[in-house]
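Read-outs: derived from the displayed coordinates by stated rules, not from any lab. Nothing here was measured: the structure is a model prediction, and the numbers come from that model. Don't worry about glycine lacking a Cβ; one is built from the backbone with ideal geometry, like all the others, and counts go over all protein chains shown.
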Amino acid sequence: MKLSDEAREVIETSMRINNTSSKEREEIEDLVKRLPDDRVLLYKNVVSNPIGDLPRYNIHIRIQHMLTFVTFLCLAFTGLPVAFFDHFWATPLNQVLGGVDVTRVIHRTFAAAMIFAMVYHVATIALGTLLKLKDKTFILSRSIIPTMKDARDFKADMLYFAGKVDQRPEMDKFMYKQKLHYFLLRLGIS
């Protein structure tokens, strides 16, 4: 398989960071040569089984996802009956939770938990990035920071969806859609 410049750079950086021996380097190069050139064929034959796969996110990111998901749902569940306490459907929900005053306390508690999740997220991202910069293992293309490649990927993706090209562009760890979702979610919460 002929790798793109971006893919070649990712492999080279990974081998440098992991202190890959020359024998391991040759094995990797041999494996890449044996891969089919047709990426569509390659992706169709990839087994998407998460057991045994490398984790995409570390434990901190997974905790943040869980905290954000749970607190958002709980805030919606407690906030709507508080905001619309005089509607017919809100009264039974407030009663189940102990009354409107108790529901307000529960809602504020979950709001504090969501604020903690956001602070935890910012601290994890900032400290993780600083550690990677210190260790010289930071790779911009594997971060959530938007780059010009995202604009090129967006354009190429639109051409693919319009039927103008046969293959989608090679995306980074976080593709342009994920970065867009990430930053729009941050704007929506704050």
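Determine the alpha carbon to alpha carbon distance for each of Lys2/Lys23; Lys134/Lys173; Lys136/Lys177; Lys149/Lys179 and list only those over 23 Å. Intermediate values should be presented prior to the final figure.
Numbers: Lys2/Lys23 21 Å; Lys134/Lys173 21 Å; Lys136/Lys177 27 Å; Lys149/Lys179 12 Å.
Pairs exceeding 23 Å: Lys136/Lys177.
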Two-site label geometry, Phe77 and Arg152: point separation in nm, points 7 Å out along Cα→Cβ: 4.7 nm
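For a Förster distance of 45 Å, can you work out the FRET efficiency between the beta-carbons of Asp166 and Val119, rounded to the nearest 0.05? The partial results should precede the final answer.
Working: r = 46 Å, r/R0 = 1.01.
Rounded to the nearest 0.05, the efficiency is 0.50.
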Summing +1 per Lys or Arg and -1 per Asp or Glu among the other residues with Cβ less than 14 Å from Leu80's Cβ gives 0
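Per DSSP helix of 4 or more residues, -39500 (n - 2.57); summed, then divided by the residues of the chain. What does that give at 222 nm, rounded to the nearest 500? The partial results should precede the final answer.
Values: 8 runs with 127 residues, N = 190.
Roughly -22000 deg cm²/dmol at 222 nm, from the helical runs in the chain.
What relative contact order, as a whole-number percentage, does the chain give when Cα pairs under 8 Å and 6 or more residues apart are counted? Present the calculation step by step, with values, prior to reporting the outcome.
Values: 93 pairs, mean separation 29.3, N = 190.
After rounding, I find 15 percent.
On full extension of the chain, what length is gained from Asp101 through Met1, given 0.36 nm per residue of separation minus the C-alpha to C-alpha distance?
Working: separation 100, 0.36 × 100 = 36.00 nm, distance 6.40 nm.
Gain in length upon complete extension: 29.6 nm.
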Integer Hz, Karplus 6.51/-1.76/1.60 couplings in order for the range 108-117, x for Gly and Pro: 5, 5, 5, 5, 4, 5, 5, 4, 4, 4
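Between Arg8 and Asp37, what length in nm is gained on full extension when 0.36 nm per residue of separation is reduced by their alpha carbon distance? Spell out each step's value before the answer.
Values: separation 29, 0.36 × 29 = 10.44 nm, distance 1.45 nm.
Here the answer is 9.0 nm.
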Fewest Cβ neighbours within 10 Å first, please rank Ser21, Ser143, Ser14 accordingly. Ser21, Ser14, Ser143
Calculate, in nm to one decimal, what His87 and Lys173 gain on full extension: separation in residues at 0.36 nm each, minus their alpha carbon distance. 26.4 nm
